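The values are calculated or read from the model by the stated rules, or taken from the named source; none is laboratory data. The shown structure was predicted, so the numbers you read here are calculated from the model rather than taken from an experiment. Don't worry about glycine lacking a Cβ; one is built from the backbone with ideal geometry, like all the others, and counts go over all protein chains shown.
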Amino acid sequence: MNKYLGSDPSMTLGEAIQNMRASEPEDFATQASADIMQSLEQHDAVHILFDLGTSIQDEIAAHIWMMLATTANVSQMHRAVATQEHRSVLAGIGHFQLLGIWCVSLPRIIGIFFKSWRMKRKIAVEDLSALKEQSILVIRQEHGIVL
């Protein structure tokens with residue numbers, strides 16, 4: 001059920017993040033500030049640990065997982081990625097369509113709420129460097145992540 005190519009649970013989180021980064025435009029990393037890169041790396045870790053793709057529904061799920069299952073400062077992350085490009089993507093989708101996607105996502109959001117509630121502990125994303133050395137499977141087991 002790996003939605004990200006190469007996110008084999010036996011890989012370390014760091015290896016999986018590197019694989020994700022390999023598929024991004026090369027100039028992005030050189031243009032982004034350290035704060036943005038840290039926030040995006042935390043966000044990417046959530047995508048990997050909770051086996052999420054990049055559809056708008058999976059992006060919504062990633063934000064919900066991040067709020068409920070990690071120690072991330074979500075408002076800081078939103079400020080870091082509130083770029084014109086991000087706003088343009090959302091404007092391209094349209095507010096009514098985006099609202100409809102959120103409504104359709106409600107059952108999934110409720111499921112995430114219950115799954116995060118049953119986790120053993122939240123993922124401390126501020127200590128991402130240590131987590132990147134562990135396998136995805138070990139992190140999931142230690143935190144009680146159920147996909």
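Overview of values
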item: Search result, residues across region 109-125 that are of a type in the set (Val, Ile, Thr) and within 13 Å of Ile145 (Cα to Cα); result: Ile112, Ile123
item: Close pairs from region 53-70: first free of Cβ contacts under 8 Å to residues at least 24 places away in the same chain, partner of a type outside the set (Asp, Glu) and buried (at least 18 other Cβ atoms within 10 Å of the Cβ), Cβ under 6 Å, at least 6 apart; result: Ala62/Val46; Ala62/His47; Ala62/Leu52
item: Checklist (1) within 14 Å of the chain's Cα centre (by Cα); (2) under 14 Å from Glu41 (Cα atoms) applied to Ile56, failing item; result: (2)
item: Residue pairs meeting the criteria (Cβ under 9 Å; at least 6 apart or on separate chains; first of a type in the set (Val, Ile, Thr), in region 130-147; second loosely packed, with under 15 Cβ neighbours inside 10 Å and at pLDDT below 95); result: Ile136/Asp8; Ile136/Ser10
item: Subset of region 125-147 (residues that are more than 18 Å from Asp51 (Cα to Cα), touching a helix residue (DSSP H, G or I) at 6+ places or on another chain (Cβ under 9 Å) and not charged (D, E, K, R)); result: Ser129
item: In region 111-134, the residues that are aliphatic (A, V, I, L, M) and part of a helix (DSSP H, G or I); result: Ile112, Val125, Leu128, Ala130, Leu131
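Conditions (1) surrounded by 15 or more Cβ atoms within 10 Å (Cβ to Cβ); (2) at pLDDT 95 or above, marked per residue:
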residue	(1), (2)
Ile110	no, yes
Met119	yes, yes
Lys122	no, yes
Val125	yes, no
